[in-house]
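Asks: Here it is: the structure, laid out below.
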Amino acid sequence: MYAEYFPIVSDLVHRLGLVALISMGYGSIIRGFSQPLTRGCMVGLLFGCSTILSMLDPVLVDAGIIIDARSILLALSAPFGGFIALAVATTLTIIARIIIGGNGVYAGVAGIMIICLISFIFRFAYQPKTYTWKHFLILGLTVPLYGLSIFILPFEQALPIFQRIALPMLTLSVTGIVLISLFLQRELMRFDQVKVLEVDAHTDPLTNLANRRLFDRVARRTFRKAASTGGELFSLVMIDIDSFKSINDHWGHSNGDLVLIEISTIIRSLVRKSDLVARYGGEEITILMPAAPSGEAMAMAEAIRRRVNETFFDLGRGQTHVTVSAGVATFGPHHQSITELIEEADVALYRAKRLGRNRIELATMAA
């Protein structure tokens, strides 16, 4: 009795290998596209195209009745691509099934909609970060419900077909979804690990600001763009904590670190989303402000100076008052390199120090 199941299982396993190969593109997509909308569309295209390829070489169960591995990636499109990916993949799959046609076209479309609903509910019920193999086992056991769509056909025709395909569908659904989901999760894990390494490489561990390496790279790129296009102005703000050595000497280095962390938090709260804030060295913090003329940069620096001046820092053994000084430099056509601009901001900063601290100075060569 069960011997007739094995040809179906064998054919589907063969096609499952193709689906697994296509799903390898998932890793490239999540690494290459950072915007959620674009990534979702691309994942949907990948999964949708894979279901189409699967349907182009199906297992023929009866005249016009086909089964294939489409249910596996279609079911996984929402968990690994979101609702946008599910919508794209479902649309492509339905269009392809209609074009293929046959007696089972209506049952096929109904089955696709059932899988879409199952995938939607799964994504809605579970957060992606919590997925385990048990979740995908549940998904694999649920997806074969789409086989009930065969009963759109006359019952006397549908029942023997359902009896023939139910066990192979369940077997392939469970094994396919669990195995491919493990592969996709491995790609996600690898991507997350790379992101963590990149963040660690470009982040100051104390303040969580960008480090000097990242600042230098972005500043050079910004300068080249402005210089080559004759482009929009951008500004640099160099901020230094006044008398920071005395804070460390009197309150201890650990409390000095707390002051630096809190000032970093203040600066982050005041800058624009487009600004890059970096710990440039020691107690010096630099802000790269794209599309900001000198007046806007001076206003930002003054807002930071005023907020710090109004803040009393609780250091456990008591409170202390801290001030900052800043130098501002703005890109102009006379600048030959980003180094010149940084040096101008630095000179302006130390002029602010000489003139009494707790003040802002504009570089004399700013355009």
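The values are calculated or read from the model by the stated rules, or taken from the named source; none is laboratory data. Note that the structure is a prediction, hence the values are computed from the model and not measured. Positions of Cβ are backbone-derived with ideal geometry, glycine not excepted, and every protein chain shown enters the neighbour counts.
Asks: Just give me the residues in segment 126-144 being in a helix (DSSP H, G or I) and either outside the structural domain of residue 173 (by TED's automatic domain parsing) or within 21 Å of residue 170 (Cβ to Cβ) (or both), in sequence order. Show your work before the answer.
Replies: Kept after step one, since they are in a helix (DSSP H, G or I), are these residues of segment 126-144: 128-130, 133-144.
The answer is 133, 134, 135, 136, 137, 138, 139, 140, 141, 142, 143, 144.
Asks: Quick one: is residue 339 out of contact with any strand residue (DSSP E or B) (no Cβ under 9 Å at 6 or more places or on another chain), over 15 Å from residue 241 (Cα atoms), hydroxyl-bearing (Ser, Thr, Tyr) and in the same structural domain as residue 226 (by TED's automatic domain parsing)?
Replies: Yes, satisfied.
Asks: Go through (1) closer than 15 Å to residue 239 by Cα; (2) within 35 Å of the chain's Cα centre (by Cα); (3) part of a helix (DSSP H, G or I) and name the single condition residue 339 misses.
Replies: All conditions are met except number (1).
Asks: Just checking, which of 320, 364, 286 is more than 24 Å from residue 217 (Cβ to Cβ), of a type in the set (Val, Ile, Thr) and in a strand (DSSP E or B)?
Replies: Numbers: 364 fails: in a strand (DSSP E or B); 286 fails: more than 24 Å from residue 217 (Cβ to Cβ).
Criteria check complete, one pass: 320.
Asks: I'd like to know if segment 229-237 contains one or more residues that are under 21 Å from the mean Cα position of the chain (by Cα) and not in a strand (DSSP E or B).
Replies: Restricting attention to segment 229-237, the residues satisfying the condition of being under 21 Å from the mean Cα position of the chain (by Cα) are none.
No, because not a single residue in segment 229-237 is under 21 Å from the mean Cα position of the chain (by Cα) and not in a strand (DSSP E or B).
Asks: Name the single residue, out of those in segment 124-175 being of a type in the set (Val, Ile, Thr) and within 35 Å of the chain's Cα centre (by Cα), that is surrounded by the most Cβ atoms within 10 Å (Cβ to Cβ). Outline the logic, then answer.
Replies: So in segment 124-175, the residues of a type in the set (Val, Ile, Thr) come out as 130, 132, 138, 142-143, 150, 152, 161, 165, 171, 174-175.
Cutting the leftovers down to within 35 Å of the chain's Cα centre (by Cα) gives us 130, 132, 138, 142-143, 171, 174-175.
Details: 130: 7, 132: 10, 138: 15, 142: 19, 143: 27, 171: 17, 174: 19, 175: 16.
Looking at residues that are of a type in the set (Val, Ile, Thr) and within 35 Å of the chain's Cα centre (by Cα), I get 143.
Asks: Starting from residues that are among the polar types (S, T, N, Q) and not in a helix (DSSP H, G or I), keep the ones in segment 163-209 and report whichever is farthest from residue 71 (Cα to Cα).
Replies: The first filter runs over segment 163-209 and keeps only residues among the polar types (S, T, N, Q), leaving 163, 171, 173, 175, 181, 185, 193, 203, 207-208.
The next check asks that each one be not in a helix (DSSP H, G or I); those that pass are 203, 207-208.
Working: 203: 43, 207: 48, 208: 44 Å.
Only one residue fits best here, namely 207.
Asks: Just the residues that are among the small types (Gly, Ala, Ser) and within 14 Å of residue 74 (Cα to Cα), please, taken from segment 95-110. Lay out the reasoning, then the answer.
Replies: Filtering segment 95-110 for residues among the small types (Gly, Ala, Ser) gives 96, 101-102, 104, 107-108, 110.
Of everything in segment 95-110, those that are among the small types (Gly, Ala, Ser) and within 14 Å of residue 74 (Cα to Cα) turn out to be 96, 108, 110.
Asks: Among residues belonging to segment 323-336 that are under 16 Å from residue 225 (Cα atoms) and assigned to a loop (DSSP other than H, G, I, E, B), point out the one that is farthest from the chain's Cα centre (by Cα).
Replies: Of everything passing the filter in segment 323-336, 334 is farthest from the chain's Cα centre (by Cα).
Asks: Turning to a different aspect of this structure: Return the pair list, or none, for Cβ contacts closer than 7 Å from residues in segment 145-167 that are more than 10 Å from residue 111 (Cα to Cα) and in the same structural domain as residue 70 (by TED's automatic domain parsing) to residues that are of a type in the set (Phe, Trp, Tyr) and at pLDDT below 80, at least 6 apart or on different chains.
Replies: Filtered contacts from segment 145-167: 167/5.
Asks: Collect the residues in segment 71-107 that are within 14 Å of residue 53 (Cα to Cα) and either touching a Phe, Trp or Tyr at 6+ places or on another chain (Cβ under 7 Å) or of a type in the set (D, E, K, R) (or both), keeping them in residue-number order.
Replies: Within segment 71-107, 71, 73, 74, 89, 97 meet the criteria.
Asks: Tally time: how many residues in segment 348-358 are closer than 10 Å to residue 239 by Cα and touching a helix residue (DSSP H, G or I) at 6+ places or on another chain (Cβ under 8 Å)?
Replies: Count: 0.
Quick grid of which residues meet (1) closer than 19 Å to residue 339 by Cβ; (2) at pLDDT 85 or above; (3) loosely packed, with under 13 Cβ neighbours inside 10 Å:
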position: 220; (1), (2), (3): yes, yes, no
position: 225; (1), (2), (3): yes, yes, no
position: 241; (1), (2), (3): no, yes, no
position: 246; (1), (2), (3): no, yes, yes
position: 253; (1), (2), (3): no, yes, yes
position: 262; (1), (2), (3): no, yes, no
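Asks: Any residue at all in segment 70-78 that's at pLDDT below 85 and in a loop (DSSP other than H, G, I, E, B)?
Replies: No, the conditions are met nowhere in segment 70-78.
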